[in-house]
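Each reported figure results from applying straightforward, stated rules to the coordinates on display, with no laboratory input. Everything quoted here is computed from the prediction, not taken from an experiment. Counting neighbours? That spans all protein chains shown, and the Cβs are built from the backbone with ideal geometry, glycine included.
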Ligand code: PSV
Ligand code: MN
Ligand code: MN
């Protein structure tokens, strides 16, 4: 194996951190508040800078316009502050779900004034993205219906395209639009972009700066995500990838904890495609919220899990695998893949971290010993109530 080349790949990988992962978050039933958690976009940048200090491969913070508001509506200072802290602002996410207006959907709403309102919001998001120096807009269309007969599905599809086109056309030539899909939630009878086919169709209609975004949590049980990834890659239609943990659906918990095999096999397909000559431009991002674990620790651990999966996928003996496939050696081929999955790649990752110039090869230990958690607890305090004391 070319260890130098593998180390190079491990050092070059970039994973975006979602700003919403460091603030308080919860389930639809409530939010558990965390002592010292980020309160503002400025706190979020500080937290992401600390995460980058211990990981070295996360110099980008993704932003969500629903939650990352500035006091005066100006976003150029966000860019400057992030740069001061060694970060860039990555994917910007419009908000099409948190307002009363969106009761019947946003761009797919049957109400023309709501569609118009959403389109104006899209234009504002592009302005915000440009001010923050971001080149990617991440679109999750939350729209759908709850009951058969509620709305005309073909008309909703037309409205969907019209709305997305406004967004796409407002973006600069060097910007990319990534479009997510999700089978259900917040609506349960239909979702206007329910699967990768619907997302890809919209991207193809819009133009070559629109690509599909695959979120691990947005699949029904049993779906083979790595095959979707491989298909999209081969069609040059994969634009981004949201990592999280999926046991049921959109669980959004720490990636790699329940099914590390998923992550490994996805990376395998990406590397296979690249080695097969496919040009890739994939934005890797975590899309998680940390409800019971300390957020920053959860994020650091997630990136470590992603790195482990990636390293395992890089050490697959592809020459031997090709040979086994040529010889129809079914068991042998699978064993080669599993041997890589079972390889202890921690020494490789430690070496990569040394070469990245990190002060400790164990990012979690580095964070726990660095004093940042204590500092933010003191500075930011706790805005929750614990009636039992303590
Ligand atoms: C909701 O399902 C979601 O988790 C989507 O995956 C988006 O990426 C994210 O929220 C931010 O809007
Ligand atoms: Mn997502
Ligand atoms: Mn999601």
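Annotations
- With a Förster radius of 30 Å applied to the beta-carbon distance between residue 123 and residue 184, the computed FRET efficiency rounds to 0.55.
- Pair residue 369, residue 388: separation of 7 Å Cα→Cβ label points (nm): 3.3
- The Kirkwood hydrodynamic radius of the range 89-236, based on inverse pair distances between different Cα atoms, is 15.6 Å.
- Computed label-point distance, nm, for sites residue 251 and residue 326 using a 7 Å Cα→Cβ extension: 4.1
- Relative packing of 75-84, 44-53, 144-153, 327-336, which averages over residues the other C-beta atoms within 10 Å, highest first: 44-53, 75-84, 144-153, 327-336
- Candidates 102, 372, 29, ranked by Gaussian network fluctuation over the chain, Cα under 10 Å, top entry: 29
- Square roots of five times the Cα gyration tensor eigenvalues for the range 315-390, Å: 47, 19, 8
- For residue 318 and residue 113, the difference between the fully extended length at 0.36 nm per residue and the C-alpha to C-alpha distance is 68.3 nm.
- Of 143, 169, 68, the one that fluctuates the most in a GNM where the chain has Cα springs shorter than 10 Å: 169
- Computed FRET value (nearest 0.05) for residue 31 with residue 343, which takes r as the C-beta separation and R₀ as 35 Å: 0.30
- Order by protection proxy (mean Cβ within 10 Å, highest first), peptides 266-273, 288-295: 266-273, 288-295
- For the chain, built as a Gaussian network whose Cα springs stay under 10 Å, the top-fluctuating residue of 92, 22, 128: 128
- Residue-averaged [θ]222 nm for the chain, counting only DSSP H segments that reach four residues, each worth -39500 (n - 2.57): -14500 deg cm²/dmol
- Taking the average, over residues, of other Cβ atoms within 10 Å as the packing measure, peptides 232-244, 359-371 rank 232-244, 359-371 from highest down.
- Cα pair distances of the range 10-316 binned at 10 Å [whole percent]: 6, 28, 37, 24, 5, 0
- Here the simple spin-label model places points 7 Å from the Cα toward Cβ, and for residue 88 and residue 195 these points are separated by 3.5 nm.
- The slack between residue 66 and residue 351, meaning 0.36 nm per residue of separation minus the straight C-alpha distance, is 98.7 nm.
- Within the chain, percent of DSSP bridges classed antiparallel, to nearest 5: 15
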